[in-house]
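Here is the structure we will look at, set down as structure tokens.
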Amino acid sequence: MKSLRKAIRSIVMIPVNIIQFLRLKSQIAKNDGTLQIIIGSAKTKYENWLATNIESLDILKVSSFESLLGEKRVDRFLAEHVFEHIHYDDAIVGLKNCNRFMKPGGAIRIAVPDGFHPNPDYINMVKPGGYGWGSDDHKLLYTYESLSRVLEEAGFTVRLLEYYDEAGEFHYNDWKSEDGHVMRSMRYDKRFHEPLGYSSLIVDGIKSE
């Protein structure tokens, strides 16, 4: 009886994040179809996507990918407003790791604040140290040029989806939500049509076949 109580107590004391990691690892091991992973999901959950946070997948560590994925490889990654919290050099490391553990022809969809947005109120909100929620932890403000460059350095081919150019003109190329839903976008964020004109810079990085 004493040994049983001790065993139960040890189970109860297992941290929740370890339990979540083991559950996620089991789901991936059993996956025989398309494997799609959200990076830095916080509480975001989408059908047919597996949500991860840094406790379960630290994209800066190869060992973290190996521990979670085993021999599995990912079809698609999604990172909505994650990479602005990572220094440029670390972004290259993280993206190279994603590329390494991705199937040929796979893709990563990234959405970040847009540094070429023409509204100065928007820029002051999202820039590092800005007044917007979470901006105190922002490390840099990407433009379509700099985000394209970091993806290319990591070995991806770039497809621009939503972005402003140097002249403040907005560009949109059609994209499918099922390939990576971005809530903070022209398509799904009502703030785009409000005075602030909130939008994201959204880019796909595609791994060569």
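Things worth noting here:
- Accessible-area composition of the chain, carbon plus sulfur, in percent [1.4 Å probe]: 53 percent
- Stokes-Einstein, applied to the Kirkwood radius of region 97-169 over Cα pairs at a viscosity of 1.002 mPa s and 20 °C, places its translational diffusion at 158 µm² s⁻¹.
- Computed helical MRE - 222 nm, the chain, DSSP H runs ≥ 4 contributing -39500 (n - 2.57), nearest 500: -9000 deg cm²/dmol
- Placing a label point 7 Å from the Cα of E209 along the Cα-to-Cβ direction, the residues of region 84-118 whose backbone N falls under 16 Å from that point are 103-107.
- Exposed loop sites were defined as chymotrypsin sites (Phe, Trp or Tyr not before Pro) in DSSP loop states (anything but H, G, I, E or B) carrying at most 13 other C-beta atoms within 10 Å; in the chain the longest segment without such a site runs 1-130.
- Three semi-axes describe the equivalent ellipsoid of region 144-209; taken as square roots of 5 times the Cα gyration tensor eigenvalues and ordered largest first, they are 23, 15, 8 Å.
- Rounded to the nearest 10 Å², the accessible area of M183 at probe 1.4 Å: 100 Å²
- Applying a DSSP loop filter and a limit of 12 other Cβ atoms within 10 Å to the GluC sites (Glu not before Pro) in region 120-206 leaves E166, E169.
- Candidate residues T157, T44: accessible-area rank, largest first, probe 1.4 Å: T157, T44
- Between Q27 and R159, full extension at 0.36 nm per residue minus the direct alpha carbon distance yields a gain of 44.5 nm.
- Over 30 Å (Cα to Cα) - which of K30/K127; K25/K207; K72/K176; K25/K190; K103/K190; K43/K96 fall in this group: K30/K127; K25/K190; K103/K190
- Along the chain, the exposed loop sites are trypsin sites (Lys or Arg not before Pro) outside DSSP states H, G, I, E and B with at most 11 other Cβ atoms within 10 Å, and the longest stretch free of them is 46-175.
- Across the chain the C-alpha pair distances fall into 5 Å bins from zero in the proportions 1, 7, 14, 19, 18, 14, 10, 6, 4, 2, 2, 1, 1, 0, 0 percent.
- Solvent exposure of region 129-204 amounts to 52 Å² per residue of accessible area, where only protein heavy atoms count and the probe is 1.4 Å.
- From phi via Karplus (6.51, -1.76, 1.60), per-residue ³J(HN,Hα) for region 197-202 in Hz, x at Gly/Pro: x, 4, 8, 10, 7, 10
- Computed accessible area, S63, all protein chains, 1.4 angstrom probe, square angstrom: 70 Å²
- For Y131 and D179, the difference between the fully extended length at 0.36 nm per residue and the C-alpha to C-alpha distance is 14.1 nm.
The values are calculated or read from the model by the stated rules, or taken from the named source; none is laboratory data. Just so you know, these numbers come straight off a predicted model, no measurement behind them. When we count neighbours, we look across all protein chains shown, and the Cβ atoms used for this are built from the backbone with ideal geometry, even at glycine. Ligands, DNA and RNA are excluded from the accessible area calculation, which covers all protein heavy atoms including side chains. Shrake-Rupley method; radii C 1.70, N 1.55, O 1.52, S 1.80 Å.
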